[in-house]
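Novice: Here it is, the structure in full.
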Amino acid sequence: MKKFIWLGIFFLVLSVANLANAAAVTKDSYNNYIEKAYYNNNQDFAYPVVTTLNPDAAKKINSEIRRNIQLWIEDINRRGGEEVKAFEISYEVPCNHNGGILSIIFRQYVMIDRAAHPWHIVHTLNFNSDSGDRLTVAGLSEIAKHGNDYTPAEITRRLKLYSKINNRPLYSYFKQLDKVPENFYFDDNLHVHFLFEEQTVAHYAVGIIDLDADAYADIVDTASN
């Protein structure tokens, strides 16, 4: 009798283990694996190390990430020099689809000596996680659902609508974008977002503007007609 009890327990444990492994495989097959690392072991400079089902693609992605991290650090050191009192880089991953789109947002916090307020700088990197190729605004018409709509005039219309609905005023003298913003990312629903840094289209107090361009695609500002 005891023999059958122990055999039952053994098979129950084995079944649970198999279910756990199956769940892990399902999850890993959907999302790329991302691990936090620190540039040159500096805890202030965090960045993601990406593992995909295609090792060559992962190598391309990670190389491009590190290349840009180095460029951003060099740029801040060049602009701030010895006046830089604090400098941090963090990141978030709003879209992570294995064999699809990988979007990463990098945020920089920079404090300059005697400055009235810190700099908040944002950069984005987007990749095809199957090939490892970087995705840019030039290719949005091919990869995004509403890619052909992303013109400077149309993004400006949606930005002004966003500003009005969310009570986040733009500069009074702002009229229209002269080009499509390079800082964009995909969210998990594959909506395209455009990021506007502080003091580019609005006052510092407004902060960084995150425009979900697809969310405002079909909204018409009747008051302006």
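Novice: Tell me whether region 56-183 comes out rounded, prolate or oblate; compute the Cα gyration tensor, take square roots of the eigenvalues as a ≥ b ≥ c, and use a/c under 1.5 as the rounded threshold. Walk me through the intermediate numbers first.
Specialist: Details: a/c = 2.29, a/b = 1.05, b/c = 2.17.
It comes out oblate by the Cα gyration axes.
Novice: Can you list the GluC sites (Glu not before Pro) in region 151-225 that are in a DSSP coil and have 16 or fewer other beta carbons within 10 angstrom? List each step's numbers first, then the result.
Specialist: Numbers: sites: GLU154, GLU182, GLU197, GLU198; in loops: GLU182, GLU197, GLU198.
Answer in residue order: GLU182.
Novice: Taking the simple approach of a point 7 Å from Cα along Cα-to-Cβ for both GLU92 and ASN189, what is their distance in nm?
Specialist: In this crude spin-label approximation the distance works out to 1.6 nm.
Novice: Using only Cα atoms, what is the ratio of the radius of gyration of region 27-94 to 2.2 N^0.38 Å? Could the numbers behind the result be given before it?
Specialist: Values: Rg = 14.2 Å, N = 68, 2.2 N^0.38 = 10.9 Å.
So the Cα radius of gyration is 1.30 times the expected 2.2 N^0.38 Å.
Novice: Pick out, from ILE143, PHE174, PHE127, the residue whose Cα sits farthest towards the positive end of the charge dipole of region 123-178, with +1 on the Cβ of Lys and Arg and -1 on the Cβ of Asp and Glu.
Specialist: PHE174
Novice: What order do THR156, THR151 take when sorted by accessible area (1.4 Å probe), most exposed first?
Specialist: Numbers: THR156 5, THR151 60 Å².
Output order, biggest surface exposure first: THR151, THR156.
Novice: Counting other Cβ atoms within 10 Å, keep those with at most 15, restrict to DSSP loop, and tell me which chymotrypsin sites (Phe, Trp or Tyr not before Pro) in region 76-183 are left.
Specialist: Details: sites: PHE87, TYR91, PHE106, TYR109, TRP119, PHE127, TYR150, TYR162, TYR171, TYR173, PHE174; in loops: TYR150, TYR171, TYR173, PHE174.
Here the sparse-neighbourhood loop sites are TYR171, TYR173, PHE174.
Novice: Stretched out fully, how many nm does the piece from TYR109 to ILE34 gain, at 0.36 nm a residue minus the Cα gap?
Specialist: Result for the pair: 24.8 nm of gain on full extension.
Novice: In addition: With the Cα gyration tensor of region 165-225 giving a ≥ b ≥ c as the square roots of its eigenvalues, does the rule (a/c under 1.5 for rounded; else a/b larger than b/c for prolate; else oblate) give rounded, prolate or oblate?
Specialist: On the way: a/c = 1.66, a/b = 1.12, b/c = 1.49.
The shape class here is oblate.
Novice: Separate question: Need one number: nm distance between label points at ASP130 and ALA215, each 7 Å from Cα along Cα→Cβ, rounded to one decimal.
Specialist: With each label placed 7 Å out from Cα toward Cβ, I get 2.9 nm.
The values are calculated or read from the model by the stated rules, or taken from the named source; none is laboratory data. The structure presented is a predicted model; accordingly, all values stated were derived computationally and were not measured. Neighbour counts run over all protein chains shown; Cβ positions are idealised from the backbone, glycine included. In case anyone asks, the SASA skips ligands and DNA or RNA and just uses the protein heavy atoms, side chains included. Shrake-Rupley method; radii C 1.70, N 1.55, O 1.52, S 1.80 Å.
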